[in-house]
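Each remark here refers to the structure printed beneath this line.
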Amino acid sequence: MAPSTHRTTTAERVARVVGHLLALAAVLVVLAGAFFAARGFNLYRDALEAQPLSELEQRIESQAGFTPIDELPDLYLQAVVAVEDHRFYAHPGFDIIATGRALVNDIKAGAVVEGGSTITQQLAKNEYFTQEQTLERKVAEVFMALTMERHFSKRQILEMYVNSIYFGDGYEGIGNASAGYFDKPPRALDASECTLLAGIPNAPSAYALSENPDLAHQRQLQVLKKLVTYDYLEETDVARILGGAFA
């Protein structure tokens, strides 16, 4: 049998080169991922050594205005979960669905327009890390959130979160915000006040009641719509809270 005389075509050579380049790109992506994962883990480890989780809990509980979760209205807690992290009770601290959706929206917008962070991740970021948008900080935040979920119950995490977030006008924590804005303890908040306060921490400088009450009430409407979407309220309840029609 005569030896094969097949010659490699230009298309085949191009395909081979492209294949090699794709393989190289995949290796580089894996190496870059490992690099940032290692940096993020080191950042997480150093932060946890500086402040163990037991000290975090004690520090938040010792702050003025701290309010145990059993003294907070159910509607306020439901509103926080609905608007900030509606799968809070189902995920292990990291919500891959929310993160994937946020990534797609960020790519479409060409900028960071959606974070996808869970309540646990927000607590980790606020208490352990800076607000700097870096990949290693995000990785560290995820490591910390997963550790928090193993150490604390969901109720403990939610309790620490609402007692440490900023509500604008110098009020940190739900107890101080309730007293400062409405001159009452959180357990005495009515439905309108609960849903109003649940929306402010998303952008406290924008929604602070002393600065932009109209914007705060627009945000409250978003909170109420989320409560309806996730079956915490009926539309008739919302109309009652708002004192009129719900659109």
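Per-structure values
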read-out	value
Environment charge of residue 212, counting only residues whose C-beta is closer than 12 Å and scoring Lys/Arg +1, Asp/Glu -1	-2
Between region 123-149 and region 189-209, the alpha-carbon center distance in angstrom	24
³J(HN,Hα), Karplus 6.51/-1.76/1.60, whole Hz, each residue of region 128-141, x for Gly, Pro	10, 10, 8, 8, 4, 8, 10, 5, 5, 5, 5, 5, 4, 4
11 Å beta-carbon shell around residue 68, net charge (K/R +1, D/E -1)	-2
In Hz, Karplus ³J(HN,Hα) per residue of region 48-61 (6.51, -1.76, 1.60; θ = phi - 60°; x = Gly, Pro)	5, 5, 5, 9, x, 4, 5, 6, 4, 4, 5, 5, 5, 5
11 Å beta-carbon shell around residue 156, net charge (K/R +1, D/E -1)	-2
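Just so you know, all these numbers are worked out from the coordinates, no wet-lab data involved. This is a predicted model, so every value here is computed, not measured. Positions of Cβ are generated from backbone atoms using ideal geometry, with glycine treated the same way; all protein chains shown enter the neighbour counts.
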